[in-house]
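The values are calculated or read from the model by the stated rules, or taken from the named source; none is laboratory data. Not measured: the values here are computed from a predicted model. Methodologically, a virtual Cβ is constructed for each residue, glycine included, from the backbone with ideal geometry; neighbour enumeration extends over all protein chains shown.
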Amino acid sequence: MKYKLIRKNVKELLSDIYIINGIDVMGFEVTPTNIITYHHLIKVEDLKMLGFPTDKTMENGIVLTRNAHSYLHMIEETDPEIFYHINQILFLITKEKRLSTIKERNLIQIFLEAFEYRVQDYLKVPSKYLRRTKMS
Ligand SMILES: [Zn+2]
């Protein structure tokens, strides 16, 4: 019997944990154009400042689709407070290396909606960021 050794990279391993039914923790669907990306929980700049390695590790990362990821960083620039809260949820999930709960996913949606409400008078959130799937 032949065995094939399958080596998965960090992104693939993280995808097994954090992508549920093709949906990432922020509610975005994985598609050929909305591919999976790696998000550093502690930013590369901060890691450098502290003298820590900046590699993509299981410990310091989560996978998000491209759209979720760019939306998260748009929120970071526009509303650091909401970004902080979402990142805290991501920290909680990754600390325990487990599937996110529906409660946590819904909480992320509440923060995203709070962001959209806060900026509605001066910022147009691109429609690609509003196409999210709610888990129930
Ligand atoms: Zn990131």
Within the stretch 22-59, residues being more than 16 Å from the ligand (Cβ to nearest atom), in contact (Cβ under 8 Å) with a residue 40 or more places away in the chain and either part of a loop (DSSP other than H, G, I, E, B) or aromatic (Phe, Trp, Tyr) (or both) number 1
If we keep only residues of the stretch 75-86 that are within 14 Å of the ligand (Cβ to nearest atom) and among the acidic types (Asp, Glu), then the residue farthest from Phe111 (Cα to Cα) is Glu77
query: Is there a residue in the stretch 65-74 that is within 16 Å of the ligand (Cβ to nearest atom), among the basic types (Lys, Arg) and closer than 21 Å to Thr37 by Cα?
result: yes
Within the stretch 97-123, restricting to residues that are among the hydroxyl-bearing types (Ser, Thr, Tyr) and either farther than 14 Å from Ser136 by Cα or modelled with pLDDT of 95 or more (or both), the one that is surrounded by the most Cβ atoms within 10 Å (Cβ to Cβ) is Tyr117
Restricted to the stretch 7-21 and to residues being basic (Lys, Arg) and part of a loop (DSSP other than H, G, I, E, B), the residue farthest from the ligand (Cβ to nearest atom) is Arg7
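Is it the case, given these coordinates, that His39 is in contact with a strand residue (DSSP E or B) (Cβ under 8 Å, 6 or more places away or on another chain) and more than 18 Å from Ser127 (Cβ to Cβ)? Please lay out each step first, then the result.
On the way: in contact with a strand residue (DSSP E or B) (Cβ under 8 Å, 6 or more places away or on another chain): yes; more than 18 Å from Ser127 (Cβ to Cβ): yes.
Yes: the conditions hold for His39.
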Checked the stretch 60-102 for anything among the aliphatic types (A, V, I, L, M) and assigned to a loop (DSSP other than H, G, I, E, B); matches are Leu99
Selection from the stretch 16-54 of residues under 15 Å from Lys97 (Cβ atoms) and either over 11 Å from the mean Cα position of the chain (by Cα) or exposed (fewer than 13 other Cβ atoms within 10 Å of the Cβ) (or both) yields Asp16, Ile17, Ile20
